[in-house]
1. Scan the range 423-432 and tell me whether some residue there is in contact with a Ser or Thr (Cβ under 9 Å, 6 or more places away or on another chain) and outside any loop (DSSP other than H, G, I, E, B).
2. Mind telling me which of the residues A610, A580, A523, A599 ends up being more than 30 Å from W288 (Cα to Cα) and either assigned to a strand (DSSP E or B) or touching a residue at least 60 places away in the same chain (Cβ under 8 Å) (or both)?
3. Which one of V499, V541 is more than 30 Å from G572 (Cβ to Cβ) and either within 28 Å of the chain's Cα centre (by Cα) or modelled with pLDDT of 95 or more (or both)?
4. Mind listing whichever residues of the range 117-154 are surrounded by fewer than 15 Cβ atoms within 10 Å (Cβ to Cβ) and either small (G, A, S) or not in a loop (DSSP other than H, G, I, E, B) (or both)?
5. If Y151 passes every condition in (1) touching a residue at least 60 places away in the same chain (Cβ under 8 Å); (2) in the same structural domain as L48 (by TED's automatic domain parsing) but one, which one does it miss?
6. Go through the residues of the range 401-414 one by one and say whether even a single one is over 28 Å from F549 (Cα atoms) and over 31 Å from the mean Cα position of the chain (by Cα).
7. Does L344 fit the bill of being within 20 Å of I217 (Cβ to Cβ) and assigned to a helix (DSSP H, G or I)?
8. Do we find a residue being among the β-branched types (V, I, T) and more than 26 Å from C264 (Cα to Cα) anywhere in the range 122-133?
Amino acid sequence: MLKRFSFVFLLMLISCPGFSLSPESELQRLGLREKALKSASWKDPYWLKLLYYEKNLFGGSRSHSVNPRFFLSKWGNISPRLELEAAIDGLYFEGHDDASPECLFPERYRWLKQKLGLQAAAFPARVCKSFEDWKSSLDPESVSLLFAGGYLNNPSTLYGHTFLRLHKRGAAGADLLDYTINYAATADDEKGLFFAVKGLTGAYPGQFSTIPYYLKIQEYHNMENRDLWEFPLSLKPEEIDRLMRHSWELGKAAFPYLFFTRNCSWQLMPLLDIVKPELDLSRRFRYWVIPSDTAKAVLEASPPAEPVWRPSLWKNLEWKRAQLTEAEKVFVLDLARGDQGAGLKELSRQTPARQAAVLEAAADYLSWRFYARRIGKEELDSRTDPLLAARAPLGRQLTFTGHPARPDSILKAHNSLRLGAGLVALKNGPAYEIQGRFSVQDLLDDPSGYLPDAALEMGSFRLRHEPRYNRYYLKEGRLARIMSLNPWDDWVRRPSWEVSAGLEQADESGRQSGRSAIWAMSAASGFAAEWRGPVRQVWYVMLQADSGFGPSLNSNWRAGAGIKAGLLAEKGLVRALIEARYIGYGVGDTRPLWAGSAAASLRLATNSSARFEYSWRGGVKEAGLYFHQFLFAP
């Protein structure tokens with residue numbers, strides 16, 4: 001009875017208007033579906049990776065892609081089986097080859113033909129002109145992972161950015177010919193709070209694109225003054241072909257972009273899992289993702305290779321400036337900012353080599369000011385042209401020697417997650433403390449591989465137990481703290497600044513310890529100065545705005561402003577920080593705040609350190625000794 005029904009159903013399909021398959025092809029199509037069903041091919045891990053399926057709370061599957069163009073079946077986003085059946089049907093597509101499913105999803109169909117054991121004679125390869133033209137224009141012979149350092153002035157790039165560089169065959173690393181595979185959020189012009197909320201909730205779509213490498217250099221290296229690190233990946237030719245096929249498919253995909261989880265770095269992991277399925281990188285990052293961590297994970301799975309460092313435009317300029325005399329530095333500023341006629345006349349009295357050095361540095365400085373958006377294109381051209389005209393007659397000259405000092409790469413950096421424990425001495429007896437921080441550094445942590453003179457803390461907490469009262473309480477629960485100390489430089493003129501938000505204990509309120517929690521937010525801006533000697537020192541002073549909300553405050557809130565000052569010192573394995581602040585509150589609880597701290601840390605190893613801290617807040621004083629261990633993010 002069942003066989004008779006199947007035969008009748010087949011006749012109905014064949015007789016349907018618009019159904020153009022011959023009976024032989026239709027029987028073959030149904031046979032392939034049945035074969036795939038019996039072998040449960042739609043459950044194959046590689047198929048699930050290709051379509052970015054994930055298990056939901058109810059045990060079903062759902063693709064992470066939100067673009068319907070990424071699927072052949074109407075329900076393909078929630079059904080791996082229906083999508084596989086639609087892919088089998090696509091083998092019999094009778095339109096133009098370039099529009100066929102096989103040409104739209106070349107890696108998907110390479111796997112499908114291999115999985116079902118289809119012979120090339122029965123299913124000859126389609127002529128995919130669009131894909132082949134795109135692939136030929138890129139024609140990579142090798143691939144590198146690129147890491148752009150963090151950029152504190154843009155919330156979406158605080159932790160850096162990772163992307164892939166495709167080295168064009170026979171181009172010998174020429175920047176103008178190479179391309180990148182880049183994943184980024186398609187953000188609107190929204191800024192501030194709404195920008196952060198959208199980034200946290202996945203309101204921005206993220207998409208893959210192939211972008212000329214020189215454009216990424218302009219963006220990161222020139223405009224944002226971020227160093228670029230290039231780590232060669234040892235991919236075999238067949239793996240590079242797989243990368244190209246799937247990258248073509250990803251042009252039809254879109255994924256919700258989440259700053260802390262599904263960001264630019266995480267999305268590269270599933271792509272590399274398809275290129276090298278044995279890596280299984282994406283499963284290593286379940287809760288949050290930091291670009292430096294993903295870069296480390298990728299490089300751990302690759303044979304060791306010497307990374308290539310491309311210093312930022314400012315680093316190159318700073319290196320050249322270091323080789324100028326004080327008088328020559330004045331010449332550069334005069335030529336870039338002042339009267340060029342008088343400056344060039346005065347400069348002509350110097351030797352040709354020194355003239356050339358000053359002119360080159362001045363042109364580079366103007367270029368940096370343009371990319372830093374300090375001057376416009378018209379001013380850049382009007383001031384640079386006379387310098388180049390004066391430089392040309394001098395011919396070849398030895399101007400600058402050596403190269404910028406190379407910093408440590410992210411491979412030398414401590415891990416991002418920090419856990420700690422310590423013993424605290426209070427007026428009324430000892431206390432014990434457990435600390436944690438999701439990422440990534442404060443001023444006392446070793447900055448190797450990270451931004452120097454900067455704090456970038458997200459999700460930190462300090463849980464304390466006081467035996468005297470047999471009480472556990474949250475000493476501090478900071479959502480975020482970002483601080484950038486920029487020693488004053490007349491060439492750059494960047495302020496130092498800080499923002500912070502989180503829970504803290506307002507000990508100055510006079511309440512019993514652990515019973516004065518408030519929500520505090522602050523912002524500060526000011527000036528820093530550097531002194532390089534036997535002990536490097538950075539002195540800073542800032543004006544700070546501060547607010548607090550909580551029942552331990554009079555009127556349950558306060559707002560005011562004040563001043564904070566500090567000293568950061570470092571020598572070898574030791575770093576020290578002294579800081580004091582005064583805040584006067586004009587509204588709400590008007591009691592002023594006097595607070596300060598003195599601390600020192602000792603790096604024991606790359607991922608461990610010891611720290612001593614002494615602090616006072618109002619009339620409450622405490623001292624603590626802590627041990628910190630840095631771990632790889634789960």
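1. yes
2. On the way: A610 fails: more than 30 Å from W288 (Cα to Cα); A523 fails: more than 30 Å from W288 (Cα to Cα); A599 fails: more than 30 Å from W288 (Cα to Cα).
Selected residue: A580, the only one of A610, A580, A523, A599 that is more than 30 Å from W288 (Cα to Cα) and either assigned to a strand (DSSP E or B) or touching a residue at least 60 places away in the same chain (Cβ under 8 Å) (or both).
3. Working: V541 fails: more than 30 Å from G572 (Cβ to Cβ).
Only one candidate passes the filter, namely V499.
4. The answer is G117, A120, A121, A122, A125, K129, S130, E132, D133, S136, S137, E141.
5. Going through (1) touching a residue at least 60 places away in the same chain (Cβ under 8 Å); (2) in the same structural domain as L48 (by TED's automatic domain parsing) one by one, Y151 breaks only (2).
6. Just the residues of the range 401-414 that are over 28 Å from F549 (Cα atoms), to begin with: 401-414.
Now drop any that are not over 31 Å from the mean Cα position of the chain (by Cα), which leaves 401.
Among the residues of the range 401-414, at least one is over 28 Å from F549 (Cα atoms) and over 31 Å from the mean Cα position of the chain (by Cα), which makes the answer yes.
7. Details: within 20 Å of I217 (Cβ to Cβ): no; assigned to a helix (DSSP H, G or I): yes.
No, not satisfied.
8. Of the range 122-133, the ones among the β-branched types (V, I, T) are 127.
In the following step, the residues that additionally are more than 26 Å from C264 (Cα to Cα) were identified as 127.
There is at least one residue in the range 122-133 that is among the β-branched types (V, I, T) and more than 26 Å from C264 (Cα to Cα).
The values are calculated or read from the model by the stated rules, or taken from the named source; none is laboratory data. Note that the structure is a prediction, hence the values are computed from the model and not measured. Counting neighbours? That spans all protein chains shown, and the Cβs are built from the backbone with ideal geometry, glycine included.
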